[in-house]
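Structure first, then comments.
The values are calculated or read from the model by the stated rules, or taken from the named source; none is laboratory data. Keep in mind the model is a prediction, meaning the values are calculated, not measured. Because the Cβ atoms are built from the backbone with ideal geometry, glycine has one as well, and the counts that use them run over all protein chains shown.
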Amino acid sequence: MPAPAIVTGYGARLTVDLGALIRNWQALDKVSGGALTGACVKADGYGLGIVAASKALYAAGARFFFVATPDEGLAVRAALPDSYIFVLNGLYPGAAPLYVGERLMPVLNSLPMLEEWLVACLGRNEALPAALHFDTGMNRLGFRLSETSVVKRMCDEVGYAPQMVMSHLACADQPLHEKNRTQLALFTSVIAQFPGIPASLANSAATMTSRDMHFQMVRPGIALYGGRAVNGRRNPMVPSVTLEAPILMIRDGKTGESVGYGATYTLTRDSRLAIVALGYGDGLLRSLSASNQHAGGRAFVRGHTVPFIGRVSMDMCAIDITDLGDDIPVPGEMVELLGPHVSVDDQADPAGTIGYEILTALKGRYSRTYVDSSAQPAAS
């Protein structure tokens, strides 16, 4: 018996605009001035696809890429043989031969990592490139400041010069936060111990707001993908994704009836609902659910922004289209959940999260299409 045909083309769809990544990187590169502009492509290119995102950013001019894991580094290396790749999580124990063979540069975060890397350098009689990461206030990865003299001595004893010295800001999305100035001062004291070595501190937010934090390289992430990097300010970046899902059914609900699991939303008026084929099984966060006490996510259909209503379930969500009046959408019509009318931050805010989580959750049951808006002819 022949295998059954696979039905495609009816479900949700994710469109990734690689041209938006290119324009966003170029805008940040202009802002960075004399500093090199890297690109963070960890977490599968912030959910957009690490290979496609890296290639687009390379086409824009990026040459330095930051990943979290060696597996991500291998994906970028296969796609971009001439790129420079830093692995932010550092040197995994015993993995030095892999890093050397694939030209991955570990961001060394601890004395054992540094020791293992220096042994690898001595074994090859070569100063293999790596970055030194100092913790100036995150209390996450990185050498403690009290270890600076030890790190310097270990490097000097074998004549090792790192590729870069770096740290990471905890509160850059709040430009006036006092911790930013504290971390900058601490980082400046660290890099003074490594004269002539390039330094890197600025993420997306610091790249956009704090020129004195640019040093020799900036390493933007969320802003490349169109997300808001700086709280309380207009986001100047271009949206990079559009997520659409089809309407399954239109139904009427009466005042006093409830919607969805847990009966957390009771209708306060006679309402018209559209049931949309997208749920938390597709990366639509359950925290976008709406109750009578809490506004949830939003969608865009037929020229109107409309609210979620009731809980987001595994495979579907409900939206309130009552205010569309007689302009009623039909089953199969696509609804925008992310895109030009509903930004990642529009969804993140009611969910109590950040645009990073909205993007990196994009691993659902939908077709994925890549386009390049910068390559399309201008409308006449």
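Quick look at the values:
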read-out	value
Ile197 vs. criteria β-branched (Val, Ile, Thr), assigned by TED's automatic domain parsing to the domain that holds Tyr46 and in contact with a strand residue (DSSP E or B) (Cβ under 8 Å, 6 or more places away or on another chain)	yes
In the range 233-266, the residues that are part of a loop (DSSP other than H, G, I, E, B) and without any contact (Cβ under 8 Å) to a residue 24 or more places away in the chain	Arg233, Arg234, Lys254, Thr255, Gly256, Glu257
Residue match in the range 296-317 (condition: in contact with a Lys or Arg (Cβ under 7 Å, 6 or more places away or on another chain), crowded, with 18+ Cβ neighbours inside 10 Å and either modelled with pLDDT under 95 or more than 27 Å from Asp270 (Cα to Cα) (or both))	no
Residue check, Asp372 closer than 25 Å to Ser204 by Cα, modelled with pLDDT under 95 and within 21 Å of the chain's Cα centre (by Cα)	yes
Only one of Leu176, Leu132 that is more than 13 Å from Phe194 (Cα to Cα) and under 27 Å from the mean Cα position of the chain (by Cα)	Leu176
Selection status of Asp320, over 30 Å from Gly221 (Cα atoms), in the same structural domain as Met249 (by TED's automatic domain parsing) and touching a Ser or Thr at 6+ places or on another chain (Cβ under 9 Å)	yes
Residue tally, condition closer than 18 Å to Ala202 by Cα and in contact with an Asp or Glu (Cβ under 8 Å, 6 or more places away or on another chain), over the range 229-247	4
Failed criterion for Ser289 (all others in (1) surrounded by fewer than 19 Cβ atoms within 10 Å (Cβ to Cβ); (2) closer than 25 Å to Leu267 by Cβ; (3) in contact with a Lys or Arg (Cβ under 6 Å, 6 or more places away or on another chain) hold)	(1)
Inter-residue pairs, beta-carbon under 8 Å, first closer than 21 Å to Ala351 by Cα and touching a residue at least 24 places away in the same chain (Cβ under 8 Å) and in the range 308-336, second surrounded by fewer than 22 Cβ atoms within 10 Å (Cβ to Cβ) and of a type in the set (Phe, Trp, Tyr), 6+ apart	Gly310/Tyr261; Arg311/Tyr261; Val312/Tyr280; Ser313/Tyr261; Ser313/Tyr280; Met314/Tyr280; Val335/Phe300; Glu336/Phe300
So Ile354, is it buried (at least 17 other Cβ atoms within 10 Å of the Cβ), within 19 Å of Leu267 (Cα to Cα) and modelled with pLDDT of 95 or more	no
Candidates Val312, Val306, Val335, Val342, filtered to the one that is assigned to a loop (DSSP other than H, G, I, E, B), in contact with an Asp or Glu (Cβ under 7 Å, 6 or more places away or on another chain) and either on the phi > 0 side of the Ramachandran plot or among the hydrophobic types (A, V, I, L, M, F, W, C) (or both)	Val342
Residue satisfying condition, being of a type in the set (A, V, I, L, M, F, W, C), crowded, with 22+ Cβ neighbours inside 10 Å and part of a loop (DSSP other than H, G, I, E, B), within set Leu169, Leu114, Leu176	Leu169
Residue check for Ala185: surrounded by fewer than 21 Cβ atoms within 10 Å (Cβ to Cβ), under 30 Å from Asn235 (Cα atoms), in contact with a Gly (Cβ under 6 Å, 6 or more places away or on another chain) and not aromatic (Phe, Trp, Tyr)	no
Per-region count, the range 215-232, residues touching a strand residue (DSSP E or B) at 6+ places or on another chain (Cβ under 9 Å) and not in a helix (DSSP H, G or I)	8
Elements of type helices (runs of 4 or more DSSP H) in the range 25-99, at least 2 residues being within 21 Å of Gly226 (Cα to Cα), in the same structural domain as Leu114 (by TED's automatic domain parsing) and at pLDDT 95 or above	42-46, 50-60
Unmet requirement for Asp326, which otherwise passes all of (1) out of contact with any Leu (no Cβ under 7 Å at 6 or more places or on another chain); (2) closer than 30 Å to Ser204 by Cα; (3) not hydrophobic (A, V, I, L, M, F, W, C)	(2)
Checklist (1) crowded, with 23+ Cβ neighbours inside 10 Å; (2) in a helix (DSSP H, G or I) applied to Met154, failing item	(1)
Residue list for the range 187-205, filter: outside any loop (DSSP other than H, G, I, E, B), polar (S, T, N, Q) and under 28 Å from the mean Cα position of the chain (by Cα)	Thr188, Ser200, Ser204
